[in-house]
Amino acid sequence: MTIRKVLIIGGHPDPDPARFIHALGDAYATGAKGHRVRQFKLAELDFPLLRSAADWMEGAPPASIASAQADIAWADHLVILYPLWLGDMPALLKAFLEQAMRPGFALRYREKGLPEKLLTGRSARIVVTTGMPAFFYKFFYGAHSVKSLERNILKFVGIRPVKRTVIGLAGTDEALRCAWIGKMEALGKAGE
């Protein structure tokens, strides 16, 4: 087994440890004991919203974001977990990604052509929970939030391959929750 450097990013805005997303992230970390693991929860970070393109392009990231960037740079595999809110990722996760994936860290603009991808050599897994059945989210809605994160952010900065896990009917059945906790531990053990 290859030992991986795994960063687990809990994208639930609520710090309440009873949230299923936090349990899933912790289960992944438990399973990943044979790997090197770092973990943080966005609900515990303090950072401002970006309000201008100039700040995104040229501003210095706040200390909490700079620390998260160091963790991203360290990792060779990212696990990003979030609940589906209004059909998309929570605003706090989007605000974090806008802060963290700045030019000079995640990408570098060139005079011509597409930006240079500065986070190549990393893979990711996106884990999304939703109250609707997973197949309904995937086929009726096209899993658009997951696709957007994968294509418009992660792959844009060089993170690939990206695997997806959509957990439907989250929080509706204790047996289902337990089964997913076990699956997350298995993914952690495999470093996937």
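Derivation of every value follows stated rules applied to the coordinates shown; laboratory data play no part. Just so it is clear, the model here is predicted, and its values are computed rather than measured. Counting neighbours? That spans all protein chains shown, and the Cβs are built from the backbone with ideal geometry, glycine included.
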Dipole magnitude of the chain about its Cα centre, charges +1 at Lys/Arg Cβ and -1 at Asp/Glu Cβ only, in debye to the nearest 20?
800
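In the neighborhood of Ile9, defined by Cβ-to-Cβ distances under 10 Å, what is the net charge if each Lys or Arg adds +1 and each Asp or Glu adds -1?
+1
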Counting only other residues whose beta carbon sits under 14 Å from that of Phe40, what net charge do I get with K and R as +1, D and E as -1?
-2
When the chain is treated as a GNM, springs tying every alpha-carbon pair under 10 Å, which of Glu116, Glu98, Glu174 comes out with the largest mean-square fluctuation?
Glu174
Mind checking the full-extension length gain between Arg38 and Ala175? Use 0.36 nm per residue of separation minus the Cα-Cα distance, one decimal, nm.
46.5 nm
Given Cα pairs under 8 Å that are at least 6 residues apart, what percent is the relative contact order of the chain?
29
In the set (1) 17.0, 61; (2) 16.4, 54; (3) 19.6, 64, which value of Rg and Dmax of the Cα atoms in Å was calculated from the structure you see?
(2)
Starting from the Cα of Leu114, step 7 Å along the direction of its Cβ; do the same at Met1; then give the gap between the two resulting points in nm.
3.5
